[in-house]
1. If I filter the range 1-28 down to residues being open to solvent by 40 Å² or more (accessible area, probe 1.4 Å) and among the charged types (D, E, K, R), which single residue comes out as nearest to Ser336 (Cα to Cα)?
2. In the range 71-114, how many are of a type in the set (Lys, Arg) and either within 17 Å of Thr179 (Cβ to Cβ) or touching a Phe, Trp or Tyr at 6+ places or on another chain (Cβ under 7 Å) (or both)?
3. Being farther than 25 Å from Asp132 by Cβ, touching a helix residue (DSSP H, G or I) at 6+ places or on another chain (Cβ under 7 Å) and not acidic (Asp, Glu), is that true of even one residue in the range 317-328?
4. Mind checking which pairs have a first residue in the range 140-163 that is in contact (Cβ under 8 Å) with a residue 60 or more places away in the chain and crowded, with 19+ Cβ neighbours inside 10 Å and a second that is aromatic (Phe, Trp, Tyr) and in a loop (DSSP other than H, G, I, E, B), Cβ under 9 Å, 6 or more apart or different chains?
5. Tell me, please, whether a residue that is closer than 26 Å to Gly187 by Cβ, surrounded by fewer than 14 Cβ atoms within 10 Å (Cβ to Cβ) and at pLDDT 95 or above can be found in the range 365-379.
6. Going through the range 29-67 one residue at a time, which ones are crowded, with 18+ Cβ neighbours inside 10 Å, aliphatic (A, V, I, L, M) and part of a helix (DSSP H, G or I)?
7. Out of the residues in the range 117-129 meeting the condition of being open to solvent by 20 Å² or more (accessible area, probe 1.4 Å) and in contact with a helix residue (DSSP H, G or I) (Cβ under 9 Å, 6 or more places away or on another chain), tell me which one is nearest to Val103 (Cα to Cα).
8. Which residue pairs have Cβ atoms under 9 Å apart, sit 6 or more places apart or on different chains, and have a first residue in the range 14-33 that is in contact (Cβ under 8 Å) with a residue 60 or more places away in the chain and a second that is exposed (fewer than 12 other Cβ atoms within 10 Å of the Cβ) and part of a helix (DSSP H, G or I)?
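The values are calculated or read from the model by the stated rules, or taken from the named source; none is laboratory data. Not measured: the values here are computed from a predicted model. Every residue, glycine among them, receives a Cβ derived from its backbone with ideal geometry; neighbour counts consider all protein chains shown. Quick note on the areas: whole protein, heavy atoms, side chains included, nothing else; ligands and nucleic acids left out. Shrake-Rupley method; radii C 1.70, N 1.55, O 1.52, S 1.80 Å.
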Amino acid sequence: MGPGPINADPRVLRAMSAQLVGQYDPAMTAYMDETQALYREVFQTENEQTMLIDGTSRAGIEAALVSLIEPGDRVLVPVFGRFGHLLVEIAGRCGAEVHTIEVEWGQVFPTSVIVEAIERVKPALLAVVHGDTSTTVAQPLDGLAEVCARHGVLFYTDVTASLAGNTFRTDELGLDAVTAGLQKCLGGPSGSSPVTFSPRAVEAIERRRSIEAGIRAEGDAVSAHPIRSNYFDLAMVFDYWGPRRLNHHTEATSMLYGARECARLLVEEGVDDAVARHALHGGAMLEGLRGLGLEVFGDTAHKMNNVTAVVIPDGVDGDAVRGELLDDFGIEIGTSFGPLHGKVWRVGTMGYNARRDTVLTTLAALEAVLRRAGAPITAGGGVGAAYDVYADAGRGAGAGAGAADAAGAADSADAAGGAV
């Protein structure tokens, strides 16, 4: 119940246990095509170049940035948490001239501030984290695409922490490049990074196309200034996933099975219904933590549905509480990074764990541990406040969520019992 990774859905784990097949077996290429179509629905996009990058979510980020950024390009990064700093780090290693704007952790930027920075810096690329789990807030992206298009700026965002748990529609937002991971709201393990690229981004990448010797065919492009990574060279990866089936690398077959099942689960549930589920259970967790008497950190008007940060009470050893929750109850919650390390806990309700039983159990366990630590906790306040949220959701509106919770609990019991 931390900021991720979370417990993978049992269906995903079962899918990953399937036998391997060759990467050019017709079954595998069919799985690849199906996975691309599924992730177009997940990302809410028509982009042809929608696929997986083999590696954790950071692999997707690096693939996007190293393929889009040419040495010397200006890149603008609005930083409002740890993962904005990561984009700065990676862009700098790509040889970019990186410009930043910063806001206090826990807050977001008014759109006007980002617009002013675009007009002042005139970057080739705007790189923004959508939801930053280090602070638990999500940066609004509406209204930026028009400004980027007017100034010839490519628009990239990392949605690892927010995709499938918060409203996000790639094409409506006018994004050129989006990267994600499985280990949060998508309910899978880390190790595969879904990505999508607009035609404008594809055009920028194709200008740097350079096919390596050994797989190069007559007429293939060879550039004097190629993309500075072979593994993350998206021009070649596009051909790997496309009809040409370029032999670029060996597909991480089990991860593809898992990523495909994550998308199948989400599409079956319905993307909007999944967001509503995260909003319901995340809202119950938020009010439950408040009901215990804990102070919520950050701008709650822009808080992600799937993770809540609370201030560690004075006199309480935050790491000791986390350790006791894990040792005695088998429940993990997170701390944070940098200026927030040791000052807040981050409690997640995401993916397979965005369920009523996990919310109520976590709140009850946290109350018990905090009482033992001597914190002034409202007895029964956490579970009671969460129950109030569920009651307010209404019996009719909550019926679907209750059914999903019941199914999830059954799967959880199966997994605990060793069922395969």
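1. Arg11
2. Taking the range 71-114 as the starting set, the residues that turn out to be of a type in the set (Lys, Arg) are 74, 82, 93.
Filter once more, keeping what is either within 17 Å of Thr179 (Cβ to Cβ) or touching a Phe, Trp or Tyr at 6+ places or on another chain (Cβ under 7 Å) (or both): 82, 93.
Residues that pass the stated criteria total 2.
3. Initial filter on the range 317-328 (farther than 25 Å from Asp132 by Cβ): 317, 320, 323-324, 327-328.
Among the residues that remain, those that are also touching a helix residue (DSSP H, G or I) at 6+ places or on another chain (Cβ under 7 Å) are: 324.
In the following step, the residues that additionally are not acidic (Asp, Glu) were identified as none.
Among the residues of the range 317-328, not one is farther than 25 Å from Asp132 by Cβ, touching a helix residue (DSSP H, G or I) at 6+ places or on another chain (Cβ under 7 Å) and not acidic (Asp, Glu), which makes the answer no.
4. Correct list of pairs: Ser162/Phe168.
5. Within the range 365-379, the first condition is being closer than 26 Å to Gly187 by Cβ, and the residues that meet it are 365-366.
From what's left, surrounded by fewer than 14 Cβ atoms within 10 Å (Cβ to Cβ): none.
No - not one qualifying residue is present in the range 365-379.
6. Scanning the range 29-67 gives Met32, Leu38, Val42, Ala59, Ile61, Ala63, Ala64, Leu65, Val66.
7. If we filter the range 117-129 for residues that are open to solvent by 20 Å² or more (accessible area, probe 1.4 Å), which is where we start, we get 119-120, 122, 124.
Those left that are additionally in contact with a helix residue (DSSP H, G or I) (Cβ under 9 Å, 6 or more places away or on another chain): 119, 124.
Working: Glu119: 18, Ala124: 22 Å.
Among residues in the range 117-129 that are open to solvent by 20 Å² or more (accessible area, probe 1.4 Å) and in contact with a helix residue (DSSP H, G or I) (Cβ under 9 Å, 6 or more places away or on another chain), the one nearest to Val103 (Cα to Cα) is Glu119.
8. Pairs that qualify, where the first residue is in contact (Cβ under 8 Å) with a residue 60 or more places away in the chain and the partner is exposed (fewer than 12 other Cβ atoms within 10 Å of the Cβ) and part of a helix (DSSP H, G or I), are Val21/Ala27.
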